[in-house]
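A quick write-up on the structure given underneath.
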Amino acid sequence: MQQAEKKQRENWGSRFGFLMAAAGSAVGLGNIWRFPYLTGENGGGAFIVVYLICIVVVGLSIMTAEFAVGRRTGLAAVGAYKSQNKNWTFAGALGVLSGFFIMGFYPVVGGWSLAYMVKSVTGLLAAPEAIGDVFGGFIGAPVEPLAWMIVYLAINLVIVAKGIAGGIEKAGKVLMPTLFVLLLFIIFRSVSLPGAAAGLSFLFKPDWSAVNGSTVLAALGQAFFSLSLGMGCMITYGSYLNKKENLPSNALTVVAMDTSVAIMAGLAIFPALFAFGMEPTQGPGLVFVVVPSIFAAMGSIGTLFSVIFFAALTVAALTSSLSLMEVVVAYLIDEKSMPRKTATYLTSAIMAVMCVLSSLSLGVMSKVTVFGVGAFDFFDILTDKIFLAIGGMLLAIFVGWFMKKEDLKDELTNGGTVKFGLFEVWYNLVKFVIPVAIAVVAYFGITAIAQKSLMIFGLLIILVLAIFSKKL
Ligand code: PHE
């Protein structure tokens, strides 16, 4: 099965194909939906500075490390760990669980994006004052968002069941650059609105009083989420990478693309938000309220742009959720010898149930909570604030302490044929600095955060996985 998998991925062939796949996984709702609202909730500029530090120090190093582990072992997450050291299987399994849980809410938001594509032409933009209320009413409704989520999930299912991402790859190659251009256009509109300057200073004048342990953990978690790290996704992609490719430079390219899109989303949204006198702390609705409001002020051409924007956002989300689903499905195929179709149907069915709960938790089921949070926040907080960061820490420990330094050097320099001048810096970061830094951030984050019991529950899950890892 591993073999069959490999053949498929080789279809992505060229360097461009790989970069698009990895960047496609990275660039998604994390950049355009999540990054702006986290920035808004966490005080703006200071959060961005902390985020950028996390990206450069931790994200880039871990991305490089994941590519190296993947290409060295030629295996997907669980197999990669297992092949090196049986006791580490759980770290791969934690990745699979993260993928699974992220898919417990991601398709809900993917569904919103699909819905907004259609809503853009069915009157949403005609009543600009109501855009905020429309969003609140829509996501809390019992049926409509569920229907969109199912459509979104079904698209994932069809593509993953076929095992060939060709179509979506092609769509991505057109729509990702489109998204980029549209963002540039929106930025231009946004910053030229009267009153936009307040948004720029919100983004670029750090207010350090807004930063505490929980903000730093949010920034670290967002770095992992946005770069698709800490859950084996990039290990899997690395395993299909040609021996001639320069791993550190590919990692740098993906990180640079992902980070530029996030910053661009911030630049598109905040100037307009302040110009419209809206609240930066409004949470998950941010992009769904601000972007349509910008387009609403532009007449019929705005409608067209709005449709294209949400179409592009949907495709960006799809290229990410496909990679998430694939991590789970690949595990069932490789380790449990399940046929691809069975694995896809089974995982999609369970994900659909989790997503129904997540969606309803924003409306009719808002009173039903576990550890003080509804289903949506449960999956979101568990993965983003614990699993991915701990997954990244485990990977760093594994690479730094359980793999041979010469092997790593060999892998990262393609047997000495390409230069990686920062090898020693990277190695020491991964071996010493990153594990300690993540542990410290997690500790202070957990002590500062409101959902402590949920965080402790998350740590327990990891412990249980570690204990039963031999069975996985
Ligand atoms: N990086 C994706 C995004 O920003 C989400 C994702 C996380 C995808 C983890 C794969 C693995 O939307």
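The values are calculated or read from the model by the stated rules, or taken from the named source; none is laboratory data. Owing to the predicted nature of the structure, the values given are computational and were not obtained by experimental measurement. Counting neighbours? That spans all protein chains shown, and the Cβs are built from the backbone with ideal geometry, glycine included. Side chains included, ligands, DNA and RNA excluded: accessible areas come from the protein's heavy atoms. Shrake-Rupley method; radii C 1.70, N 1.55, O 1.52, S 1.80 Å.
Points worth noting:
- Filter result (part of a loop (DSSP other than H, G, I, E, B) and in contact (Cβ under 8 Å) with a residue 12 or more places away in the chain) within region 368-378: Phe371, Gly372, Gly374
- Verdict on Lys470 being farther than 28 Å from Phe105 by Cα and modelled with pLDDT under 95: yes
- Filtering Ala251, Ala256 for residues that are without any contact (Cβ under 8 Å) to a residue 24 or more places away in the chain, hydrophobic (A, V, I, L, M, F, W, C) and within 24 Å of Ile55 (Cβ to Cβ) leaves a single hit, Ala256.
- Taken over region 12-47, the criterion of being more than 12 Å from the ligand (Cβ to nearest atom), aromatic (Phe, Trp, Tyr) and either touching a helix residue (DSSP H, G or I) at 6+ places or on another chain (Cβ under 6 Å) or in contact (Cβ under 8 Å) with a residue 40 or more places away in the chain (or both) is satisfied by Trp12, Phe18, Tyr37, Phe47.
- Restricting attention to region 295-309 and to residues that are in contact (Cβ under 8 Å) with a residue 60 or more places away in the chain and among the small types (Gly, Ala, Ser), the residue that is farthest from the ligand (Cβ to nearest atom) turns out to be Ala297.
- One residue alone among Ala317, Ala312 is within 16 Å of the ligand (Cβ to nearest atom), at pLDDT below 95, closer than 28 Å to Val181 by Cβ and touching a helix residue (DSSP H, G or I) at 6+ places or on another chain (Cβ under 6 Å), and that residue is Ala312.
- The single residue among Ser226, Ser239 that is touching a residue at least 12 places away in the same chain (Cβ under 8 Å), over 30 Å from Thr417 (Cβ atoms) and surrounded by 15 or more Cβ atoms within 10 Å (Cβ to Cβ) turns out to be Ser226.
- Qualifying positions in region 424-434 - closer than 20 Å to Gln222 by Cβ and surrounded by fewer than 19 Cβ atoms within 10 Å (Cβ to Cβ): Val433
- Any hit, region 230-243, residues being more than 30 Å from Thr342 (Cα to Cα), assigned to a helix (DSSP H, G or I), among the aromatic types (Phe, Trp, Tyr) and at pLDDT below 95: no
- Among the residues of region 244-256, those identified as more than 16 Å from the ligand (Cβ to nearest atom), open to solvent by 10 Å² or more (accessible area, probe 1.4 Å) and part of a helix (DSSP H, G or I) are Pro248, Ser249, Leu252.
- Look at region 348-367: where a residue is assigned to a loop (DSSP other than H, G, I, E, B) and a partner is among the aromatic types (Phe, Trp, Tyr), sitting 6+ places away or on another chain with Cβ atoms under 7 Å, you get Ser361/Phe376; Leu362/Phe376.
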